[in-house]
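The values are calculated or read from the model by the stated rules, or taken from the named source; none is laboratory data. Computed from a predicted structure; not experimentally measured. Don't worry about glycine lacking a Cβ; one is built from the backbone with ideal geometry, like all the others, and counts go over all protein chains shown.
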Amino acid sequence: MIDFMLAAVVSAFLNIALLLVTITTYVQNMRVIRSYYTSGLVLVAALLMIQNIVIVLFWSTLYMDDKALMMSADMVSHYLFAINIIQTIGLSVLVWITRR
């Protein structure tokens, strides 16, 4: 059986890496193209990064602190994994398009 929570955290770390690449590219573009659009892209990517950091903190808190919380997290972990893997695919496409 797959440990979905661990897989969700791995995909969250991958999302953070993809978002770092995206934010770096957007900040470079923002220096050249000063517009609300480029500023908005940086803001959205930063908010997505915060979301993924919260997922990692959520996982570590639930898994390290309490067995009962760990069992509750395991019940919903496959949903979290599905959300994260879809986000990973989407961010991969975004990075590919952005870096072209």
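Residue-by-condition table, conditions (1) surrounded by 14 or more Cβ atoms within 10 Å (Cβ to Cβ); (2) part of a helix (DSSP H, G or I); (3) at pLDDT 90 or above:
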position: I2; (1), (2), (3): no, no, no
position: Y26; (1), (2), (3): yes, yes, yes
position: M30; (1), (2), (3): yes, yes, yes
position: N52; (1), (2), (3): yes, yes, yes
position: I55; (1), (2), (3): yes, yes, no
position: F58; (1), (2), (3): yes, yes, no
position: M75; (1), (2), (3): no, yes, no
position: L80; (1), (2), (3): yes, yes, no
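Identify the single condition in (1) closer than 29 Å to A73 by Cβ; (2) touching a Ser or Thr at 6+ places or on another chain (Cβ under 6 Å) that T25 does not satisfy, given that it satisfies every other one.
Of (1) closer than 29 Å to A73 by Cβ; (2) touching a Ser or Thr at 6+ places or on another chain (Cβ under 6 Å), only one is false for T25: (1).
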